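Asks: One structure, pasted below without further comment.
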Amino acid sequence: MSLTEQVRADLTAAMKAKEAEKLSTLRMLQSALKNEQIEKMHELSDAEAAVVIRRAVKQRQDSIEQFEKAGRQELADKEKRELAILEGYLPAQMSDEALEALIQGLVTATGAASKKDTGKVMKEIMAKHRDQVDGKKVQEILGRLLT
């Protein structure tokens, strides 16, 4: 079952179970997937659907950050619940320890020595591990290692 079919099936199940919050989140996701499909003019592959889901996850993470800065904890909590639903459709993320070890290995392998080399290492990591890592975390770790 493809990722878009899985979202559709879960949407139907949420409707039947009367899970309002999950239903709302999945409707938003279904709409984003449909818009992307219309734009691309073909059925989305799992990789293309994952990009749409990652975009929605990033939006939720940014919203959580903004709501917490503004002192709107109830809205931040709602976004966190939506984020948990969306993350269920993405592959598991790499642990911080494994990510740091991977980055350290790539820094050594590429010969990166300063912040100027950040782009070179980022390109390597994101090309091979895009589904398993968060770019923001990678950048943060690289900033610490390449100082």
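The values are calculated or read from the model by the stated rules, or taken from the named source; none is laboratory data. Please read all numbers here as calculations on a predicted model, not as lab measurements. Ideal geometry is used to build each Cβ from the backbone, glycine not excepted, and the neighbour counts take in all protein chains shown.
Asks: Going through region 82-132 one residue at a time, which ones are farther than 30 Å from residue 13 by Cα and among the β-branched types (Val, Ile, Thr)?
Replies: 103, 107, 108, 110, 118, 121, 125
Asks: Do the conditions hold for residue 2, that is, is it in contact (Cβ under 8 Å) with a residue 40 or more places away in the chain and loosely packed, with under 15 Cβ neighbours inside 10 Å?
Replies: In short, yes.
Asks: Can you give me the number of residues within region 114-129 that are touching a residue at least 24 places away in the same chain (Cβ under 8 Å) and charged (D, E, K, R)?
Replies: Count: 2.
Asks: What tally of residues in region 130-144 results from selecting those that are surrounded by fewer than 17 Cβ atoms within 10 Å (Cβ to Cβ) and touching a residue at least 12 places away in the same chain (Cβ under 8 Å)? Spell out the reasoning first.
Replies: Initially, region 130-144 is screened for residues surrounded by fewer than 17 Cβ atoms within 10 Å (Cβ to Cβ), giving 130-132, 134-137, 139-140, 143-144.
Checking which are touching a residue at least 12 places away in the same chain (Cβ under 8 Å) leaves us with 131-132, 134-135, 137, 139, 143.
Total satisfying the criteria: 7.
Asks: Evaluate the following for residue 12: is it at negative phi and modelled with pLDDT of 95 or more? Outline the logic, then answer.
Replies: Numbers: at negative phi: yes; modelled with pLDDT of 95 or more: yes.
So residue 12 passes the test.
Asks: While we're looking at this one, here's another question. Considering only region 101-142, how many residues are more than 19 Å from the chain's Cα centre (by Cα) and part of a loop (DSSP other than H, G, I, E, B)?
Replies: 4
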